[in-house]
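Notes for the one structure printed next.
The values are calculated or read from the model by the stated rules, or taken from the named source; none is laboratory data. As the structure is a computational prediction, the values presented were derived from the model and not from experiment. Reconstructed Cβ throughout: ideal geometry from the backbone, glycine too, with neighbour counts over all protein chains shown. Quick note on the areas: whole protein, heavy atoms, side chains included, nothing else; ligands and nucleic acids left out. Shrake-Rupley method; radii C 1.70, N 1.55, O 1.52, S 1.80 Å.
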Amino acid sequence: MDLHILDHKLRVTSISKTGLQQYTHPLIKLIFLRNRTRCKFFSLTETPENYTVVLDEEGFKELQPSEHLQVEGSTWLPLNVVSNGNTSSSSQAVGVTKIAKSVIAPLAEQHVSVFMLSTYQTDFILVREKDLSVVVETLVEEFNIFREEGGESVPVHSQDACNGLQRNGREVPHATVHPVLIPENQFCVMSLDPDTLPAIATTLIDVLFYSNSPKEGASVDQDMKCIKFFSFSLIDGYVSLVMDTEAQRQFPADLLFTSSSGELWRMARIGGQPLGFDECGIVAQISQPLADSDISAYYISTFSFDHALVIPDHPACVYFAILICWHSVCRGYVLV
């Protein structure tokens, strides 16, 4: 398989719900006015707590500093696995489980923190730029590694990326066990032609910026049975959307498309308190048991929590297996 280090330098940010009004204009510009900005990598995910915005340096220029904007201090690089042009069989697990053992687990063993962003088209593994030499050294035996530079793919070897940062050699501490919440919502992973964005502009703006706005004095913990979660990504010209079935009904069905089976996904939300960015192994904890059970999963990290999406194809067996996986990982912290 090939591993591509994409030609984007990314920032991971959070916009508070109370400060959204200050950033509505730049966000609308980044979503709908592609010709007015040079941003090539943009992802916006709404959770009950905040809006996580992942974007490249050109897009980051659009976000003015304020008390409502939190910025993780590192520069992140997106990695993407390509299976030499071969498409996976429909019977195989898809999403993050495809790379759980070959990418996620080895990086966790080397104490490299990752930020995951699964989309309709592919999975992006974000790593800190300062960790690149460790990433390359860890994965070079498993992958042909290329770095995209000016539209060209240049082969990368272990010695090419060495900048004095070597494997730390320390025993990696056992990852913290985090509680898992499984809300009742069912979710769709979808896409659309970016040229049709103007046709859904009103609906998309309403869902992102107006629907279910927090009531004054309300706590995000008051009702977590069905959580607010909506993710929009526009990356290198490809659009990906993750929304629950209630939000999906607001969009014209003829513009959104998904796989032929039209599957619905259930979510596991990882973390009782904000996870932070320095802890390693959270994605591996969740993805490895699912990979062992050949269960498809998408994974979306946000500024505060992580989110895994799985398909309960056969409630009597597969979904029960999923719960067993969560229970084995989280040692009884599953909340259903």
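Would you check which residues across region 241-255 are over 25 Å from residue 12 (Cβ atoms), open to solvent by 20 Å² or more (accessible area, probe 1.4 Å) and either assigned to a loop (DSSP other than H, G, I, E, B) or not β-branched (Val, Ile, Thr) (or both) and list them?
At the first step, the residues of region 241-255 found to be over 25 Å from residue 12 (Cβ atoms) are 245-246, 248-255.
This time we only want the ones that are open to solvent by 20 Å² or more (accessible area, probe 1.4 Å), so: 245-246, 248-250, 252-255.
Passing the criteria: 246, 248, 249, 250, 252, 253, 254, 255.
Of all residues in region 1-38, which are free of Cβ contacts under 8 Å to residues at least 60 places away in the same chain and not in a helix (DSSP H, G or I)? Listed by number, the residues that qualify are 15, 16, 33, 37, 38. Please indicate, with yes or no, whether at least one residue in region 270-282 is at negative phi, at pLDDT 85 or above and surrounded by 22 or more Cβ atoms within 10 Å (Cβ to Cβ). Yes, region 270-282 has at least one match. Note on region 50-63: residues that are assigned to a loop (DSSP other than H, G, I, E, B) and touching a Phe, Trp or Tyr at 6+ places or on another chain (Cβ under 8 Å) amount to 1. Among the residues of region 273-301, just one is over 17 Å from the mean Cα position of the chain (by Cα) and closer than 18 Å to residue 14 by Cβ, namely 273.
For residue 92, the criteria (1) under 21 Å from the mean Cα position of the chain (by Cα); (2) modelled with pLDDT of 95 or more hold in every case but one, which is (2). Filtered by the rule that a residue be farther than 22 Å from residue 122 by Cβ and of a type in the set (S, T, N, Q), region 14-46 gives 14, 16, 18, 21, 22, 24, 35, 37.
Would you confirm whether or not region 37-53 contains a residue that is over 26 Å from residue 198 (Cα atoms) and surrounded by fewer than 18 Cβ atoms within 10 Å (Cβ to Cβ)? Within region 37-53, none of the residues are over 26 Å from residue 198 (Cα atoms) and surrounded by fewer than 18 Cβ atoms within 10 Å (Cβ to Cβ).
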